[in-house]
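Beneath this line is the structure, given in structure tokens, with notes to follow.
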Amino acid sequence: MTVLPDTGYIPSAEDRASLDAWFTAYDSASARRDIERMADMAVFPLNLVSDDSQGDGRTAQWTREQFVATMSQVMSEGGDETISFDSTRTPVFLSPSVAVVFTDSTMTAGGEKRRLRYADILVRRGGTWAFQTMIQSGWGDSLS
């Protein structure tokens, strides 16, 4: 009989602080439109989960090149306008090295506010967090 491991991990203050620091750095790179830095903070192939305009769920895996090309296009739509994020994150640590993070965020660009809700799956390797899965509605048509 296989004994199941205890999976009720409770994160330490350091776990939470390191994850918060990762998101601060990622948000900063996003605000600067530093797509290469954003890509440095991911594990590829990167899993994507979304839905399309028909209401169907979609999934894909992106290479670094696909991530950089897509995010460069998306992030350039606002031109050189300043981007800021006001985010509330709810991490669920599955272990010291795996976390699912739910985010409610308001992105402000050029004076316009846009509400975002998404989830990321992050893994910690060698003491450094990286995102491996992005989950957000509305991207599905670009995943086909």
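Listed values, structure above:
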item: Diffusion constant of the chain at 10 °C, which comes from Stokes-Einstein with the Kirkwood Cα-pair radius and 1.306 mPa s, µm²/s; result: 97 µm²/s
item: Most mobile of GLN73, GLN132, GLN54 in a GNM of the chain (Cα contacts under 10 Å); result: GLN54
item: Inter-site label distance for ALA60 and SER97 at 7 Å from Cα along Cβ, in nm; result: 3.0 nm
item: Label-point separation in nm, ARG89 to ALA17, each point 7 Å along Cα→Cβ; result: 1.5 nm
item: Cut-off 15 Å between beta-carbons: net charge of the residues surrounding ARG58, Lys and Arg +1, Asp and Glu -1; result: -4
item: 3J(HN,Hα) from dihedral phi, region 56-64, Karplus parametrisation 6.51/-1.76/1.60, rounded to Hz, x for glycine, proline; result: 9, x, 9, 9, 7, 10, 10, 7, 4
item: Angle in degrees between helix 13-31 and the longest Cα principal axis of the chain, rounded to the nearest 10; result: 10 degrees
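Taken together, the values in this text are just the output of simple stated rules run on the coordinates, not laboratory data. Since this is a predicted model, take the numbers as computed values, not measurements. Please note: Cβ atoms are built from the backbone with ideal geometry, for glycine as well, and neighbour counts cover all protein chains shown.
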